[in-house]
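Here is the structure we will look at.
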Amino acid sequence: MKSVLLMMVTLLALCGCEKDKPVLHLYTWSDYIKPELVQQFEAEQGCRVVMDFFDSNEAMFAKLKAGATGYDLIFPSSYMVAIMQQQNMLQPLDHNRLPNLKHIDPVYLRFTEDEAMHHSVPYMVSNAGIGYLKSRVADFEPSWTMFGRADLAGRMTLLNDMRETLGAALKTLGYSLNTVNEQELTEARDLVIAWKRNIAKFETDQYKNGLVSAEFLLVHGYNGDIQQTMEENEDIGYALPREGGSIASDDMVIPQGAQQVELAHAFIDFIHRPEVAAQNIAYVYFLSPNLAAYALLPDEVRADPTIFVPQELLGKCEPIRDLGADNALYSKIWDQIKAAD
């Protein structure tokens with residue numbers, strides 16, 4: 001009886017300790033950090049980390065604008081950072097609390113909207129391309145024109161993201177994925193509508209599982225996501241199309257109203273410790289733009305062109321930029337695509 005009572009007292013004490021720990025609330029993408037790193041941060045800081053997930057920048061933004069609060073650190077793509085900053089949704093960062101910013105690779109800062117890192121710090125750099133089953137897709141070419149293949153009809157997906165998917169079409173046509181030329185956007189609309197007739201659906205979250213299970217044979221997706229599926233299915237390949245595509249920086253920002261500002265700064269700085277950044281790259285297969293981390297990576301990761309994009313192909317890629325009032329052009333075109341048969 002004494003031992004049972006002792007156990008109950010101990011458990012209650014532990015529960016009390018857990019409740020007393022500060023809690024860092026993250027709002028981020030799914031499968032986007034090595035779990036052991038979160039545990040390490042919790043142990044070092046004597047805190048708990050709670051994560052909530054979004055599947056698009058627009059969904060995250062809409063939730064915040066609708067009044068959602070309680071987040072201390074958010075991971076939007078850089079173009080959305082610009083929108084959030086314009087609407088006074090972000091706090092400035094205290095660089096005195098962020099000594100590991102010295103490791104940030106300046107090559108990739110040009111893909112961000114905040115090169116001075118005044119209110120955002122790059123987390124991961126990704127590129128969008130094509131994942132496919134090597135044994136099931138005959139005559140594969142590293143080109144967006146693959147989505148025009150009628151023989152793959154019903155077994156392909158495009159990202160449910162207007163900027164990414166219209167960007168792929170614009171690149172196919174030789175245009176900038178940030179164009180505001182209405183004629184170019186109309187041509188891109190027509191091309192995506194033609195692709196739409198071949199795809200199973202627009203999909204942002206479950207295309208990975210569909211590729212692993214062979215429900216889908218060819219998908220539009222992010223390099224790190226598809227690299228992760230390769231661990232489960234050796235038949236999966238990935239290619240960044242020869243026409244170029246999007247290079248995106250997902251950034252870390254502290255929103256106005258955050259309760260754990262000091263802990264949020266500590267997390268940003270922790271993420272950019274070189275040894276932490278290297279572990280994270282090797283786990284999620286996206287690139288943490290941390291120069292000191294590169295030398296700590298396994299040789300096969302450093303040689304992987306889907307993570308470290310070759311310079312000649314990188315030159316054909318662009319970041320998605322916030323277009324201000326011209327974002328409405330993309331929304332109009334996207335609505336037309338979704339409505340089309």
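The values are calculated or read from the model by the stated rules, or taken from the named source; none is laboratory data. Just so it is clear, the model here is predicted, and its values are computed rather than measured. When we count neighbours, we look across all protein chains shown, and the Cβ atoms used for this are built from the backbone with ideal geometry, even at glycine. Heads up: the accessible areas ignore ligands, DNA and RNA and are worked out on the full protein's heavy atoms, side chains in. Shrake-Rupley method; radii C 1.70, N 1.55, O 1.52, S 1.80 Å.
Per the listing Asp94, Asp72, Asp55, the residue uniquely in contact with a strand residue (DSSP E or B) (Cβ under 8 Å, 6 or more places away or on another chain) and among the charged types (D, E, K, R) is Asp72. Of all residue pairs spaced 6 or more apart or on separate chains, those with beta-carbon atoms under 8 Å, a first member in segment 47-68 that is within 22 Å of Ser249 (Cβ to Cβ) and a second member that is open to solvent by 60 Å² or more (accessible area, probe 1.4 Å) and modelled with pLDDT under 95 are Asp55/Asp205; Ser56/Asn160.
Looking only at segment 289-341, residues that are more than 24 Å from Glu187 (Cα to Cα), open to solvent by 60 Å² or more (accessible area, probe 1.4 Å) and among the small types (Gly, Ala, Ser) come to 2 in all.
Determine whether Thr112 is under 24 Å from Met252 (Cβ atoms), in contact with an Asp or Glu (Cβ under 9 Å, 6 or more places away or on another chain) and of a type in the set (Ser, Thr, Tyr). Taking the combined requirement at face value, the residue satisfies it. Starting from segment 310-327, keep only residues that are in contact (Cβ under 8 Å) with a residue 40 or more places away in the chain and charged (D, E, K, R), then list their pairs with residues that are open to solvent by 60 Å² or more (accessible area, probe 1.4 Å) and part of a loop (DSSP other than H, G, I, E, B) whose Cβ atoms are within a distance under 7 Å, requiring at least 6 positions of separation or different chains. As it stands, the answer is Asp322/Glu113; Asp326/Val180, since those pairs meet every condition given. Pairing each residue of segment 269-290 that is farther than 15 Å from Tyr108 by Cα with any residue that is basic (Lys, Arg), provided the two are 6+ apart or on different chains, yields C-beta distances under 9 Å for Asp269/Arg97; Val276/Lys34; Gln279/Lys34; Asn280/Lys34; Ala282/Lys34; Tyr283/Lys34; Val284/Lys34. Evaluated against (1) more than 16 Å from Thr179 (Cβ to Cβ); (2) part of a helix (DSSP H, G or I); (3) modelled with pLDDT of 95 or more, Leu296 falls short on exactly one condition, (2). Among the conditions (1) open to solvent by 10 Å² or more (accessible area, probe 1.4 Å); (2) over 30 Å from Ser135 (Cβ atoms); (3) aromatic (Phe, Trp, Tyr), Phe270 misses just one, which is (1).
Restricting the search to strands (runs of 3 or more DSSP E) fully inside segment 205-279 and requiring at least 3 residues that are closer than 27 Å to Asn100 by Cα gives 247-252. Residues in segment 27-46 that are of a type in the set (A, V, I, L, M) and either on the phi > 0 side of the Ramachandran plot or in contact (Cβ under 8 Å) with a residue 60 or more places away in the chain (or both): Ile33, Leu37. When Ser331 is tested against (1) under 30 Å from Gln40 (Cα atoms); (2) in contact (Cβ under 8 Å) with a residue 12 or more places away in the chain, just one condition goes unmet, and that condition is (1). Just for segment 4-54: of the residues that are of a type in the set (Asp, Glu) and under 22 Å from Gln259 (Cβ atoms), which one is modelled with the lowest pLDDT? Going through the qualifying residues, I end up with Glu18.
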